[in-house]
Amino acid sequence: MSVLVRIPTPLRRMTNGLDKVEMESSNLSELVEKLDTEYPGFKERLVDENGELRYFVNVYVNGEDVRFLKGLETSTDSGDEVSIVPAVAGG
Amino acid sequence: MSFISGLKCRECGREFPAEPLNVCDFCFGPLEVVYDYATISEVISHDRISSGPLSIWRYQDLLPASGEDPVDIMAGFTPLMKARNLGKRLGLNNLYIKNDSVNPSFSFKDRVVSVASTKAVEFGFDTLACASTGNLACSVAAHSARAGVRSYVFIPWDLETGKIVGAAVYGPTLVSVEGTYDEVNRLCSELADNYPWAFVNINMRPYYAEGSKTLGYEVAEQLDWRLPDHVVIPSASGAMFTKIWKGFNELACLGLLDGVEASSFGPDQNTVHHPAVTTRMHMAQAEGCSPIVSAWANGQAHVLPVRPNTIAKSLAIGNPADGIYAIRVLNESGGTATAVPEPEVVEGIKLLAETEGIFTETAGGVTVSALKSLAESGAIQPDELAVVYITGNGLKTLEAVDSVVNPLSIKPTMRSFEGALNERIGVGG
């Protein structure tokens, strides 16, 4: 089993329309690199020039915001679900 | 007709057509509406505004949806009243309350939802939806009833009864989610990718958020086209805070403020600051969820998310999307941001009720307590014109103040009444 990544609409053009992809990875950083290899340009969309997650991108591992975990160093195991979600307005 | 020419990414400047989009597909930055201000300036005037309806749609030229047949339950044009009693208590001689708790679904959310639902119907959607801390749920359900479309409203499971009933009564599909608002928001962002619905604060966000500008327009109009020296505003995501500032600056640039010359909007419509706009923008959050206040106080440009733990559930957004823009407005306007200690939230509700006869929800308690601290610290001087925004109704959060109920319990006799009165206040026989 591998990590399931849910792809938001703004990034589906890069994944040929796929709304989820599966990858082997041990942490988020590695996952982003692998996604970038498979879908060139993917990393640039998520990570800024300083190597940090872009401010308006929220990434969740199993529903937990990775900013409450270890950011890009958050570990990912087989069977985990990663969601990439744009920030939204208030309610 | 509306005077918008498209959408633009607030971060990288990429342009998009005026469609149900909210996120830049390059940098994930928020998309904002682009207006044709040159044409607006040719048609807009005080007379045109004052001859319009007594709702937010009197400012239709500055809203991103057509006002010809809006989804309108008469949101807006709420009272601005001089607060003599509260002002006296706080040592402020020129204090006004913008009482937005008397909107049709009892919060300011009717402003944004009227715009979003009008735009959604324009786009051809037959279903409205939202992620909500409660007030938005009520407003979306009410507007969908008016528009004759379906609605799905998603709320955290632990909301106050008044908000749950206040939404359910309009007949939406109410979805109670075991999680925080931020978790509800995340879920809805994913749903918005998969369901053909108009999520008012997700795929309709650029249009929706513009509705809050009317809170700025109305205060200016009600002050005879002047701006206050200070405003005090509750904040959750920071969106309303930034839009009131934008509204003030639009009026200035269009020459609609008394004695102010019109001027260009410059290269960025969202960051324009007319020099005549000197209002200090003060933000209020509850201490149990104050990520924007913390970032501002620490001099950070970015907001770190927090896990909310506050009685003010309508402000319980731990990951505020507009936080960075709100911080810019705080700094640009010379305003302040206050985190109100949790026990003072209820004190604020009671202070407003007991002095001015206005019953607000917990967010209003936060705002009044922040106002009190600004008055005490001298940040607002006694003769300066200050407006405090009360954005939600107390009947939505009865649980927060149920300790005020302490009746004289008597039998239906004079003797019983006089005995009880004597026991309570020491008068009578």
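Numerical summary
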quantity	calculated
Calculated FRET efficiency for the pair residue B:26/residue A:26, C-beta based, R₀ 25 Å, to 0.05	0.30
Amide H contacts under 5 Å for residue B:286, placed H, 5+ residues apart	B:340
Pairwise FRET efficiency - residue B:377 versus residue A:67, Cβ, R0 = 41 Å, nearest 0.05	0.80
Cα-based shape type of chain A, given that a ≥ b ≥ c are square roots of the gyration tensor eigenvalues and the cut on a/c is 1.5	rounded
Linear extension gain, residue B:165 paired with residue B:331, 0.36 nm per residue minus alpha-carbon span	55.8 nm
For region B:145-172 and region B:341-386, distance of Cα centres in Å	29 Å
Summed residue charge, Cβ within 13 Å of residue B:404's Cβ, Lys/Arg positive, Asp/Glu negative	-3
Global geometry of region B:266-412, whether rounded, prolate or oblate, following the gyration tensor of its Cα atoms and the 1.5 cut on a/c	prolate
Region B:1-52-region B:276-309 distance, computed between alpha-carbon centres (Å)	26 Å
Phi-based couplings in Hz for region B:248-256 (Karplus 6.51, -1.76, 1.60; Gly and Pro marked x)	4, 6, 4, 4, 5, 5, 8, x, 9
Amide H contacts of residue B:393 (H built 1.01 Å from N, under 5 Å, at least 5 apart or other chain)	B:361
Convex hull per residue volume in Å³, alpha carbons only, for the protein assembly as shown	165 Å³
Semi-axes of the equivalent ellipsoid for region B:214-328, Cα gyration tensor, largest first, Å	29, 15, 10
Fewest-first sequence of B:376, A:33, B:190 by Cβ atoms within 10 Å of each Cβ	B:376, A:33, B:190
Point-to-point label distance, residue A:77-residue B:36, nm (Cα→Cβ direction, 7 Å offset)	5.9 nm
For region B:194-236 versus region B:408-424, the gap between their alpha-carbon centres in whole angstrom	50 Å
Selection from B:170, A:27, B:260, by position along the positive dipole direction of the protein assembly as shown (Cβ)	B:170
Ranked list, fewest to most other Cβ atoms within 10 Å of each Cβ, for B:119, B:350, B:8, B:163	B:350, B:8, B:163, B:119
Helix-only CD estimate at 222 nm, as mean residue ellipticity for chain B, using -39500 (n - 2.57) per DSSP H run (n ≥ 4)	-11000 deg cm²/dmol
Dimensions (Å) - chain B, Cα atoms, principal axes, largest first	77, 49, 46
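Read-outs throughout are calculated quantities, based only on the coordinates presented, and are distinct from any laboratory measurement. Every value quoted in this text rests on a predicted model; they were computed, and no experiment measured them. Heads up, the Cβs are rebuilt from the backbone with ideal geometry, glycines too, and the neighbour counts pull from every protein chain shown.
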